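The values are calculated or read from the model by the stated rules, or taken from the named source; none is laboratory data. Keep in mind that what you see is a predicted model, and the values were worked out from it rather than measured. Cβ placement follows ideal geometry from the backbone for every residue including glycine, while neighbour counts extend to all protein chains displayed. Surface areas here come from the heavy atoms of the whole protein model, side chains and all, with no ligands, DNA or RNA. Shrake-Rupley method; radii C 1.70, N 1.55, O 1.52, S 1.80 Å.
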Amino acid sequence: MAKRGNPFGGMGGMGNMNQMMKQAKKMQEQLAKAQEEIQQAEVEYSSGGGMVTVKCNGEHKLLSISIKPEAIDPEDPEMLEDLVLTAVNGAMEQIEELSANKMGAFGGIPGLF
């Protein structure tokens, strides 16, 4: 009777499986670290030449809004509304860019995102 070789290598494929599990665990740790860094990040964005400044965190929560008195024109409330919207949207875009940069390395993994 002819002896057949093991198609998975010397340890029945367990060596490769252990290596893959170690790599998966390391990647999971890196992913968790990147997510934590994003959550703890804070960005600031100004509009109207610094008339309105907002700060938000990586969880997309506004932390503060600062409005200079000269930005408040009772005759033109729409201008202030536009400045606030621009500042908030700019800060949110910065968080999205930060998130995309940190998580980009994990984007090509099937089933992860």
Next item on the list: Would you kindly state how much longer the chain becomes between Gln40 and Met21 on full extension, computed as 0.36 nm times their sequence separation minus their alpha carbon distance, in nm to one decimal?
Entry: 4.0 nm
Checklist line | Accessible-area ranking of Lys55, Lys33, largest first, probe 1.4 Å | finding: Lys33, Lys55
Item checked: Residues Lys55 and Gln30, FRET efficiency given R0 of 30 Å [Cβ-Cβ distance, rounded to 0.05] -> 0.65
